[in-house]
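The values are calculated or read from the model by the stated rules, or taken from the named source; none is laboratory data. These numbers come from a predicted model, not from an experiment. Positions of Cβ are backbone-derived with ideal geometry, glycine not excepted, and every protein chain shown enters the neighbour counts. Accessible surface areas use protein heavy atoms only, side chains included; no ligands, DNA or RNA. Shrake-Rupley method; radii C 1.70, N 1.55, O 1.52, S 1.80 Å.
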Amino acid sequence: MKTLSVLSKVAGMLALGLSCQASAQDYPNKPVRVIVPLAPGGATDIQARLFSQKLSQTLNQTFLVDNRSGAGGMIAFRYIVQQANTDGYTLLATSPGFTNAPALYEKPPFDPAKDFEPIILMSKAPYALVINPKFPATTMKEFLAWGKGNPGKLNFAISGLGTTIHLAQVWLADAANIKMAVIPYKGTGPATQDVIAGRVHASFANVISAGPHIKAGRIRPLAVTTAERSPALPDLPTFAESGLANYEVTTWHGWLGPKGMPRSVVAKLNAQLNLVLKDPDVMKAVSEDGGVIIGGTPESFRKHISGEVERWKRLVQLADIKPRTD
């Protein structure tokens with residue numbers, strides 16, 4: 001009887017192994033939905049559509065973007081956690097809101113590092129600190145000196161409470177030891193427009209969307225928030241070069257799946273997306289959006305997610321944002 005039991009276990013393990021191998025070989029044999037937690041037209045949506053198009057070509061199956069915006073991305077995140085099948089036919093293409101959203105809740109509805117299967121971190125891009133040209137500063141150091149010399153008088157526009165832009169401002173104020181007046185807006189576009197109009201002094205802006213305003217002299221960029229300089233604005237220093245060591249905030253694009261996805265499918269998607277990142281069209285598009293290609297393993301993406309979660313949690317507490325209870 002013991003021999004039969006052992007044989008039965010071995011047979012079961014072999015069957016499971018063959019099943020996983022078959023799932024990777026056959027995958028995908030039907031259309032794949034790529035959930036985007038934001039409305040169409042933004043950087044996350046544009047990159048998700050580009051990568052989906054390339055995967056459709058390389059894997060001979062449709063990868064279809066499904067925009068499910070609302071509640072700061074929570075509608076999409078909760079759908080993946082609570083309703084999506086774990087067979088690899090529902091994926092998530094997301095950005096920093098994925099890692100800062102749980103910090104805004106008293107009882108976080110999910111853990112970004114534990115309740116999803118990371119697939120790949122595709123790209124990163126910086127924000128630029130921009131000011132109105134009439135502001136009495138031409139460098140980051142002059143800007144910080146003015147802020148310290150005029151506590152509470154520096155008006156800083158943010159794209160909504162609890163957003164990445166807001167938390168980046170909180171970190172800036174803390175790192176530079178400057179008291180700022182924070183002015184919330186409904187998005188980076190309106191915030192940038194009021195910097196141009198001179199109604200507020202400064203804000204963070206996407207380096208590409210702000211590009212035409214920078215070239216026209218309507219706003220003045222002072223520094224980028226990434227550890228390295230941006231290919232889109234190579235002459236612009238980083239925050240670290242401007243005296244704020246260890247400061248780094250990026251907007252990024254990554255793909256994940258529901259927890260429990262077959263590892264073989266995760267590995268196949270990771271390999272294919274790493275190949276997609278070497279496509280000349282993709283490299284050009286990411287570069288033109290001010291980003292840099294990242295790629296790598298699911299494990300390296302999980303480490304990135306864990307680091308982001310801890311960072312945003314600290315900054316939400318520092319900002320004294322009242323957590324949501326819903």
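Keeping all protein chains in place, calculate the accessible area per residue for the range 17-94 (probe 1.4 angstrom), answer in Å².
Values: 3570 Å² over 78 residues.
I get 46 Å² per residue for this part.
Express the C-alpha Rg of the range 91-188 as a ratio against the empirical globular expectation 2.2 N^0.38 Å, rounded to two decimals. Intermediate results must be reported in sequence, preceding the final value.
Details: Rg = 16.6 Å, N = 98, 2.2 N^0.38 = 12.6 Å.
Here the Cα radius of gyration is 1.32 times the empirical estimate.
Given points 7 Å out from each Cα along the Cα-Cβ axis, report the SER56 to SER300 separation in nanometres with one decimal.
Here the modelled spin labels are 2.9 nm apart.
On the Cα set of the range 109-242, report Rg and Dmax in Å, please.
Every Cα atom of the range 109-242 included, Rg and Dmax give 15.4, 48 Å.
What whole number of Å gives the distance from the Cα centroid of the range 263-321 to the Cα centroid of the range 155-190?
Centre-to-centre (Cα) distance: 24 Å.
Using amide H atoms built in the peptide plane, which far-off residues or other-chain residues are under 5 Å from LEU154 H to H?
ALA181
Quick check: from the Cα gyration tensor, does the range 232-285 come out rounded (a/c under 1.5), prolate or oblate? Could you put the intermediate results ahead of the total?
Numbers: a/c = 4.32, a/b = 1.83, b/c = 2.36.
Cα axes put the range 232-285 in the oblate bin.
At q = 0.15, 0.17, 0.31 Å⁻¹, work out log10 I(q)/I(0) for the range 44-90 with the Debye formula, treating every Cα as an identical point scatterer and leaving solvent out; two decimals please.
-0.47, -0.59, -1.10
Would you work out if the range 214-326 is rounded, prolate or oblate? Take a ≥ b ≥ c from the square roots of the eigenvalues of the alpha-carbon gyration tensor; rounded if a/c is under 1.5, else prolate when a/b is larger than b/c, oblate otherwise.
Values: a/c = 2.31, a/b = 1.19, b/c = 1.94.
Oblate.
Could you run the Karplus curve 6.51 cos²θ - 1.76 cosθ + 1.60 with θ = phi - 60° over the range 56-71 and give me ³J(HN,Hα) per residue in whole Hz, x for Gly and Pro?
Working through the residues one at a time gives 4, 6, 6, 9, 6, 8, 6, 10, 10, 6, 10, 7, 10, 8, x, 6 Hz.
Averaged across orientations, what area in nm² does the convex hull of the alpha carbons in the range 25-126 project? Show your work: numbers first, answer last.
Working: hull surface 27.8 nm².
It is 6.9 nm².
Can you list the HN-Hα couplings for the range 267-275, worked out from phi with the Karplus curve (6.51, -1.76, 1.60; θ = phi - 60°), rounded to whole Hz and with x for Gly and Pro?
Karplus values, whole Hz, x for Gly and Pro: 5, 5, 5, 4, 5, 5, 6, 4, 5.
Simple spin-label model, 7 Å along Cα-to-Cβ: LEU161 to ARG263 in nm?
Modelled inter-label distance: 4.4 nm.
Using the alpha carbons of the chain, what is the convex hull volume per residue in cubic angstrom, as a whole number? Mind dumping the intermediate values first?
Numbers: hull volume 47.4 nm³, N = 326.
So the per-residue hull volume is 146 Å³.
Average projected area of the Cα convex hull of the range 256-313, in nm²? Please report the intermediate quantities before stating the final value.
Values: hull surface 19.8 nm².
Approximately 5.0 nm², given one-decimal rounding.
What distance in nm lies between label points placed 7 Å from Cα along the C-beta direction at SER287 and ARG33?
Here the modelled spin labels are 3.7 nm apart.
State the extension gain, in nm to one decimal, for the chain segment bounded by ARG78 and SER209, taking 0.36 nm per residue of separation less the distance between their alpha-carbons. The partial results should precede the final answer.
Values: separation 131, 0.36 × 131 = 47.16 nm, distance 2.97 nm.
Contour length minus the Cα-Cα distance gives 44.2 nm.
Which residues among the range 294-326 fall inside the zone where the amide N is under 19 Å from a point 7 Å beyond the Cα of LYS107, along Cα→Cβ?
Counting backbone N atoms under 19 Å from the label point, the list is 322-326.
Let me know the volume per residue of the alpha-carbon convex hull for the range 73-135, in Å³. Walk me through the numbers on the way to the answer.
Details: hull volume 8.1 nm³, N = 63.
That works out to 129 Å³ per residue.
What Rg and what Dmax come out for the range 120-175 when only alpha-carbon atoms are used, in angstroms?
Both quantities, over Cα of the range 120-175: 13.3, 44 Å.
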